[in-house]
Amino acid sequence: MSEAIRLHCLTLGYDRHPAVHHLDGAIAEGDLLALVGPNGAGKSTLLKGLVGEIPVLDGRIERGPAKAGIAYLPQAAEIDRGFPLSVLDLVAMGLWRRLGAWRSLGRGRAACEAAIAAVGLSGFEARPIGTLSGGQFQRALFARLIVQDARVILLDEPFTGIDARTVGDLIALIRGWHAQGRTVVAALHDFAQVRAHFPMTLLLAREPIAWGPTAAVLTPENLERARQLSEAWDETAAICRHDHDVHDHGQDHDHAAHASHDHHHGHAHGSQREAAE
Amino acid sequence: MIDALLAGLVGPYEFGFMRRALVGCLALSLSAPPLGVFLMLRRMSLMSEAMSHAILPGAAAGFLVAGLSLPAMTLGGLVAGLAVALLAGFVTRSTMLKEDASLAAFYLIALAGGVFLVSLRGSQVDLLHILFGSVLALDDDALRLIGGVSTVTLLALAALYRPLVMECVDPLYLRTVSRTGGPVHYAFLALVVMNLVAGFQALGTLLAVGLMLLPAITARFWASDLSGLIPVSMLVSVLASAIGLTVSYNAEIRLPTGPAIVLAAGVLYIVSMLIGPRGGLLRRLVRQRHLEA
């Protein structure tokens, strides 16, 4: 299986303080990966880093063939909902890569209408986006994701403040993308949801705690460790002297290996050793 | 009675300077209000006010070098306005300052510098001329400049329309799918500066903003989406120009033309605010029966 995204000792953060610290590993093409961890664990930061929204502090991201085709749904969209724009226009923004600034919508209109129907918003095409409820608006954004037709889809807490029925519909869409062979990474808080629908999980607490099949990652011990680690924030932290050579083995194992020993990534950084001492 | 009315309406335009003033204002009415619509929708209405102050030091520098010379003051205004717009945009994009804060910093510097420069040489009268323009003294060069700016603005808006709307609605999304966000933003700021400089020929630096923003804000009470807002804003601006020019010519008292045009736009705004079908105040007084669904 080829890799959609590979991370090499990736550190992301703000003001030199790492929010994601020395993360190694690969997201295989076609993965349905849940990103879990407490608030402040670096889930959003990692997604922003993957989409290129924030600069990399250290290490690098290899985006492979997915380079051009990453779709990203941010946690709190910066969308100005007061802007007089119709649902159809919002969804049609997803066609940007194909149409650019000048080509006419043409047959794209049918694709947009199909996507709007797929998220259950038929009949809302001409409605201004400002009149939609929270759930309807999230559905419209999912329609835009459908229209974007990207190979890699990053979702940052897509179900916050959304009712159960809408969540069910949206998860069905995500599973559909998975079935089409797209790579989906979603930051989530609901463990039951993750266990039920996401085969792979990355547990983050600024440091990677565990990465692998969901059942092996979401263990009580891992979750407890994640909770403890994420609470540490040192304003006067020293410069990280983390030696890049020591844990190079994080890079030489392939995806199959990381599926079989899923705690590998935690070891790779040595954080478990530190925690044990 | 009707003859007198007709004479009042048409009479002023028997004079060449009035026809020139009308043409200049009409050209400006086609380009400035659409920019105002975008400024308003981006909640950057006051930004154009700041930009108009930023133009002052450039115009003053031109004035200092060449006296009351149109090309020198235009060039100076353009350079100063673009410099402030680009610097503010750059600071916004590369530091944690928001656009309004960085713009405020630069325009205050520019305004103080402008007043300083004007006072170095000019008298109060010159300063008034720069601030309030001279719509009745538009020469061929000024008309060509306004016409050119208007043409370029409409063409550029047509070309940039889609990315500009996306940059307004969802800048983060535009960033993730293309790199046009930054250039489009700067191009938009440049268009604003160009129109303010063109407007400053006719109306002066302070009132140029009026013809850009008042029609756009007025249009909000008549139309709900961009395809309605832009034409309505142009129409309001055209009306305000014609009314302002005609009234200022016919007025018994001495009513300066630039302020008359902006006041006309202001009256249209207040009327629209009262009776406009989209959220006008009078509509609010009448509670309409709600629908079934």
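The values are calculated or read from the model by the stated rules, or taken from the named source; none is laboratory data. As the structure is a computational prediction, the values presented were derived from the model and not from experiment. FYI the Cβ positions are ideal-geometry reconstructions off the backbone, even for glycines, and counts take in every protein chain you see. What goes into the accessible areas is simple: the full protein's heavy atoms, side chains included, and nothing from ligands, DNA or RNA. Shrake-Rupley method; radii C 1.70, N 1.55, O 1.52, S 1.80 Å.
Okay, here's what the table says:
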read-out	value
Residue match in the stretch A:54-70 (condition: assigned to a strand (DSSP E or B), surrounded by fewer than 16 Cβ atoms within 10 Å (Cβ to Cβ), in contact (Cβ under 8 Å) with a residue 12 or more places away in the chain and more than 12 Å from chain B (Cβ to nearest Cβ))	yes
Flag for A:Leu32 being away from every other protein chain (no Cβ under 14 Å) and under 26 Å from A:Glu207 (Cβ atoms)	yes
Set B:Arg254, B:Arg220: member being of a type in the set (Lys, Arg) and more than 14 Å from chain A (Cβ to nearest Cβ)	B:Arg254
Residue list for the stretch B:268-290, filter: assigned to a helix (DSSP H, G or I), among the aliphatic types (A, V, I, L, M) and either more than 21 Å from B:Leu5 (Cβ to Cβ) or touching a residue at least 24 places away in the same chain (Cβ under 8 Å) (or both)	B:Leu268, B:Ile270, B:Met273, B:Leu274, B:Ile275, B:Leu281, B:Leu282, B:Leu285
Test: B:Gly228 is under 20 Å from the mean Cα position of the chain (by Cα), within 14 Å of chain A (Cβ to nearest Cβ), in a helix (DSSP H, G or I) and over 30 Å from B:Leu75 (Cβ atoms)	yes
Condition check for B:Ile217: surrounded by 15 or more Cβ atoms within 10 Å (Cβ to Cβ) and closer than 26 Å to A:Ala126 by Cβ	yes
Residue list for the stretch A:101-130, filter: open to solvent by 40 Å² or more (accessible area, probe 1.4 Å), within 27 Å of the chain's Cα centre (by Cα) and either within 12 Å of another protein chain (Cβ to nearest Cβ) or farther than 24 Å from A:Phe159 by Cβ (or both)	A:Ala111, A:Glu113, A:Gly130
Hey, B:Thr153 within 30 Å of B:Phe17 (Cβ to Cβ), part of a helix (DSSP H, G or I), touching a helix residue (DSSP H, G or I) at 6+ places or on another chain (Cβ under 7 Å) and hydroxyl-bearing (Ser, Thr, Tyr) or not	yes
One residue from A:Arg98, A:Arg144 being within 14 Å of chain B (Cβ to nearest Cβ), open to solvent by 50 Å² or more (accessible area, probe 1.4 Å), within 22 Å of A:Gly52 (Cα to Cα) and part of a helix (DSSP H, G or I)	A:Arg98
Residues of the stretch A:31-53 that turn out to be touching a residue at least 24 places away in the same chain (Cβ under 8 Å), out of contact with any Ser or Thr (no Cβ under 6 Å at 6 or more places or on another chain) and part of a loop (DSSP other than H, G, I, E, B), as a count	3
Close pairs (8 angstrom Cβ cut-off, 6 or more residues apart or separate chains): within 7 Å of chain B (Cβ to nearest Cβ) and closer than 16 Å to A:Gly134 by Cβ in the stretch A:79-90, outside any helix (DSSP H, G or I) and open to solvent by 10 Å² or more (accessible area, probe 1.4 Å) anywhere	A:Asp80/B:Arg42
Qualifying positions in the stretch B:165-174 - of a type outside the set (A, V, I, L, M) and more than 7 Å from every other protein chain (Cβ to nearest Cβ)	B:Glu167
In the stretch B:139-187, residue nearest to B:Leu35 (Cα to Cα) [restricted to those that are crowded, with 20+ Cβ neighbours inside 10 Å, touching a Ser or Thr at 6+ places or on another chain (Cβ under 8 Å) and of a type in the set (A, V, I, L, M)]	B:Val149
